[in-house]
Each structure stands twice: as structure tokens, then as C-alpha cells.
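The values are calculated or read from the model by the stated rules, or taken from the named source; none is laboratory data. Remember, predicted model here, so these are calculated numbers, not experimental data. Here Cβ is always computed from backbone atoms with ideal geometry, including for glycine, and neighbour counts include all displayed protein chains. In case anyone asks, the SASA skips ligands and DNA or RNA and just uses the protein heavy atoms, side chains included. Shrake-Rupley method; radii C 1.70, N 1.55, O 1.52, S 1.80 Å.
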Amino acid sequence: MIINIIGGGLAGSEAALSLADFGQEVNLFEMRPNVKTDVHQSGDFAELVCSNSFKSESLDNASGLLKEEGLRLGSRLLEIAYHNRVPAGKALAVDRKAFSEEVSMKLETHPLINVRREEVCSLDFDGAVNVVCTGPLTSGCFEAFLGELFGGALFFFDAVAPIVAADSVDLERAFIADRYSDNGDYVNCSLSREEYELFWNELVHAEVLEVENFSDRFLFERCQPFEEIARSGIDALRFGPMKPVGLIDPITGKEPYAVVQLRKENLSGSLLGIVGFQTRLKWREQKRILSLIPALRNVDIIRYGVMHRNTFLDSPRLLNPDLQSRNHKGLFFAGQISGLEGYVEAIVSGRLAAINADRYVRGKQTVIPPVGTMIGGLINHITVSGRSPLKPVYANFGLLPEIRMKNRREKNRKKVVVAQEKIQRFLEVII
Ligand SMILES: Cc1cc2nc3c(=O)[nH]c(=O)nc-3n(C[C@H](O)[C@H](O)[C@H](O)COP(=O)(O)OP(=O)(O)OC[C@H]3O[C@@H](n4cnc5c(N)ncnc54)[C@H](O)[C@@H]3O)c2cc1C
């Protein structure tokens with residue numbers, strides 16, 4: 001039997017490579033470059049649509065734990081991410097082009113993977129096995145199909161930060177340092193109190209782009225546009241993406257009043273992303289507002305920030321914890337369409353959906369990762385314990401069973417130990 005995978009983003013590419021590794025033949029349907037999305041820029045598989053960071057590697061961090069679990073489960077894309085990493089302090093960040101080119105090459109040359117550059121608008125349930133990974137920018141016709149199949153899909157809005165040319169940043173007015181380590185992977189642009197107040201005042205009055213069906217209600221908290229954060233108070237950015245904590249400006253010898261951090265977007269460091277500056281400002285306003293930051297006075301914006309629609313299912317009503325539809329056997333979902341938010345979440349769920357699609361085809365019982373693991377906590381949240389209508393979720397320690405301990409750090413460390421034991425036992429079951 002040939003397994004159909006719909007969508008060649010992070011979850012779909014992981015599922016395709018995994019299933020092919022398990023000896024299954026797959027059709028991988030990807031609509032790009034023939035049909036474009038508002039955000040993807042290329043026809044490559046596994047394109048990273050915003051930041052180039054897979055977040056922290058530290059086990060003190062929920063995403064660090066999820067990455068470790070993904071690697072132990074055998075994730076192919078995490079392995080490729082490590083081949084293409086760029087320096088980013090404690091985070092795993094990649095050269096985005098090299099990463100998706102390596103994924104594309106592996107998919108296109110695998111003898112068990114049939115790449116089909118087609119938009120899928122409906123599914124065949126006649127004994128077929130399908131893994132749907134169409135992501136937050138699922139095409140209109142397929143969203144309509146899912147809406148009809150499941151009685152409506154949900155959506156909310158996200159925002160993307162601008163990327164700038166590194167050689168247009170005034171390094172006389174900036175300094176290289178990293179808040180959390182000695183690596184110095186970030187370019188920091190300081191603002192004095194007067195500069196910050198002018199910046200804030202212009203920002204809260206700047207023109208934003210009206211987006212069809214946009215409502216603050218649908219904004220995912222972690223991806224709030226920076227102008228929305230600014231509107232909640234003059235100091236909100238100084239306690240958010242512009243916080244100066246842990247940084248000393250060598251020019252003044254003091255902690256700056258506020259700081260804007262830029263992080264490498266590619267291995268050569270020629271492109272820098274502005275950390276936490278997701279925005280729906282009009283493009284000319286982005287240029288004007290950024291030029292109020294002294295080091296960015298003449299900055300060259302390579303990719304402007306944008307707002308986008310984000311489609312996902314109400315999974316607590318629709319999916320079982322093996323990522324299979326409750327009403328349609330052999331129909332699996334992974335990635336953001338299932339209600340998981342984040343690159344690593346998409347990848348690890350793609351691996352899990354592949355493990356279960358493979359077992360399903362072989363007539364074996366599908367598996368559910370234990371709740372005490374990060375992947376188990378995520379899956380449990382979207383399919384069992386999360387409320388309907390679902391709010392998408394990313395890795396966090398709150399998803400793991402509570403441990404009675406006062407010290408939060410110690411408590412999380414204990415949760416990590418439990419998770420590591422449980423994922424080990426899970427691995428023994430699925431092998
Ligand atoms: C603008 C934006 C910024 C984001 N920024 C971040 C970030 O910085 N960090 C982070 O961790 N997460 C981020 N996310 C969230 C999420 O992690 C990413 O969207 C991630 O790429 C999701 O992986 P996925 O595989 O589910 O979807 P995608 O990677 O989007 O893959 C889905 C694929 O399906 C294809 N497709 C869609 N419909 C069809 C169809 N009908 N037929 C065939 N193919 C189809 C698409 O072309 C696409 O290639 C962001 C999301 C968005 C939308």
C-alpha cells in the first residue's frame with residue numbers, strides 16, 4: 001500500500017522520510033511552487049517560514065526536552081538541523097536555506113518517495129492511508145474540504161518579524177553579546193531613555209495593515225506583534241522583546257535603558273532577524289520605525305514582517321491520541337494543522353504520525369506516547385485534556401504531571417528525569 005502525505009513542510013517531510021525509512025512507499029503531495037502561500041518564499045521542502053531557531057537545547061527548557069525526545073525517537077529532520085546549525089548561544093538555529101535544501105535532496109532522491117507537486121483538495125478514504133500535514137497555511141480548497149468533513153476548522157493569526165542586511169547595521173552603535181552565555185551570538189542595539197520614549201511614541205501611532213478577518217481575539221499570545229505589546233504600556237517592550245537584563249553596553253559601561261536584539265539568519269551571518277519584532281505595521285512604517293533605533297538608522301530590510309492566517313483543527317473533538325481521526329480510520333494528522341505550535345512540535349509529531357501510520361499499515365496496534373513525556377503531554381493536550389475549541393499549544397513544563405516541590409527549577413528538573421525514563425520505556429515498546 002502507498003501512504004499519501006499531504007504537505008511537505010516540517011511535519012510532512014519528517015513523516016515522509018520516516019515512513020520511507022520504515023520501508024513504506026509514500027506519495028508526498030506538495031502544492032508549492034505551483035500554488036503559493038502568503039508566507040513561504042521557495043518551492044523547497046521543510047521551509048522555515050519565520051525564525052531560523054529551533055529554540056533552546058538546554059534540558060532546563062521545555063523545547064530542549066522535546067528536541068531530546070525527538071532525537072531519541074529517531075527524527076530525521078532534527079538530525080538534518082544539526083548538520084546545518086549556525087551559532088546561536090544555547091539555541092539550535094540553522095542556516096535555513098541549507099537545511100531545507102538538504103531535506104529536499106533527501107526526499108527527492110529516496111527510491112520509496114514519489115514527490116508530487118500538486119494541490120490536494122480532497123481525500124480518498126477507500127482503504128487509503130493519509131497523513132495530513134498541510135500546516136497553518138492550508139490551501140483554501142483543502143480547508144473547505146476539512147471544514148465539511150469535520151464541521152468547521154478553526155483559525156487564528158500570527159505575525160512574522162523583519163529580516164535585515166547585517167552590513168546595514170551601524171556596529172559603532174551596537175555591541176555583540178549574549179544574555180545567557182559568553183558566545184556573543186547576538187547583535188544588540190541600545191536605546192537611551194529619550195530614544196526609547198520617542199521610538200515607543202511613534203510606534204503606538206504607526207499605521208498597521210488591516211488583515212481580512214483579523215481580530216486580536218485570535219492572536220496567539222507568544223506571537224503578539226510588537227506594536228500590540230507596545231500598546232499595553234510604555235514599559236511593556238522593556239519587559240518583553242526589548243529587555244536589557246544581563247547586557248552591558250561597552251560604550252557606556254552600563255545596562256542600556258532598552259535593547260533590540262538581532263540574531264543570525266544564515267551561516268554567514270549576512271542576514272539578521274529582529275528578535276521578537278513580529279509585526280503587522282505597513283511596510284513603509286516598518287522602515288520608519290526601525291530607523292528610530294540608532295544602530296538601525298540606515299537599515300536595509302530584506303524581508304518585511306507580515307501577518308498571516310493560521311488554520312488548525314479542533315482536535316480534542318476530532319483526533320485520538322495516536323493522531324488518527326476518530327471517525328476516519330487510516331487518516332492521520334501532524335504539525336500545526338493538529339493544533340501543535342512550533343517547528344520542533346511539528347517535526348516530532350510528524351515522526352509520531354509516521355510511526356503510527358506504519359503500524360496501522362502493518363496491522364499493529366498504534367501507540368500513544370506517555371503523558372509524562374513532553375511529546376506525550378503535547379499530544380494529550382490537543383486530543384484529550386485541552387478544551388474545545390482548542391488553543392494551539394507549544395512545549396511547556398505545565399503539560400507534564402504536577403510534582404509537589406516548591407522550587408520551580410528543581411521541580412522542572414525532576415519532571416525532565418521522569419520524562420527521560422518514560423521515553424526510554426516507550427522506545428522499548430515501539431521497537
Ligand atoms: C508565518 C508563521 C511564522 C511562524 N514562525 C514560527 C517560528 O518562528 N518558530 C516556530 O517554532 N514556529 C513558527 N510558526 C509555527 C509553525 O511551527 C510553523 O508554521 C511550521 O512550519 C509548521 O509546520 P507544518 O509542517 O505543520 O506546516 P508547514 O511547514 O507550513 O508545511 C505545510 C505544507 O503543506 C503545503 N500545503 C498546504 N496546503 C496544501 C494542499 N492542499 N495540498 C498540498 N500541499 C499543501 C504547504 O505549501 C506547506 O509546504 C510559524 C507559523 C507561521 C505561519
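Residue by residue, here is whether (1) of a type outside the set (Asp, Glu); (2) free of Cβ contacts under 8 Å to residues at least 24 places away in the same chain; (3) surrounded by fewer than 23 Cβ atoms within 10 Å (Cβ to Cβ) holds:
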position: Lys106; (1), (2), (3): yes, no, yes
position: Asn114; (1), (2), (3): yes, no, yes
position: Leu123; (1), (2), (3): yes, no, yes
position: Val132; (1), (2), (3): yes, no, no
position: Ser139; (1), (2), (3): yes, no, yes
position: Glu148; (1), (2), (3): no, yes, yes
position: Gly151; (1), (2), (3): yes, yes, yes
position: Ser168; (1), (2), (3): yes, no, yes
position: Asn183; (1), (2), (3): yes, no, yes
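Of the strands (runs of 3 or more DSSP E) lying entirely inside the stretch 239-358, those containing at least 2 residues that are over 23 Å from the mean Cα position of the chain (by Cα) are 258-264. Residues that are outside the structural domain of Asn298 (by TED's automatic domain parsing), outside any helix (DSSP H, G or I), charged (D, E, K, R) and under 23 Å from His40 (Cα atoms): does the stretch 107-116 have at least one? Within the stretch 107-116 (the criterion being outside the structural domain of Asn298 (by TED's automatic domain parsing), outside any helix (DSSP H, G or I), charged (D, E, K, R) and under 23 Å from His40 (Cα atoms)), the answer is yes, since at least one residue qualifies. Step by step: first the residues of the stretch 355-414, then only those that are modelled with pLDDT under 95 and polar (S, T, N, Q), then the one that is farthest from Ser63 (Cα to Cα). Which residue is that? This residue is Ser388.
For residues that are in contact with a strand residue (DSSP E or B) (Cβ under 9 Å, 6 or more places away or on another chain) and part of a loop (DSSP other than H, G, I, E, B), scanning just the stretch 1-30, find the one that is modelled with the lowest pLDDT.
The residue in question is Met1.
Among the residues of the stretch 244-261, not one is at pLDDT below 95, open to solvent by less than 10 Å² (accessible area, probe 1.4 Å) and farther than 19 Å from Asp182 by Cβ. Considered as a group, the residues in the stretch 20-38 that are open to solvent by less than 20 Å² (accessible area, probe 1.4 Å) and either acidic (Asp, Glu) or in contact with a Leu (Cβ under 6 Å, 6 or more places away or on another chain) (or both) include one that is farthest from the ligand (Cβ to nearest atom), and that residue is Ala20. Any residue that is closer than 21 Å to Leu323 by Cα and within 9 Å of the ligand (Cβ to nearest atom) - is there at least one of those in the stretch 110-120? Among the residues of the stretch 110-120, at least one is closer than 21 Å to Leu323 by Cα and within 9 Å of the ligand (Cβ to nearest atom), which makes the answer yes.
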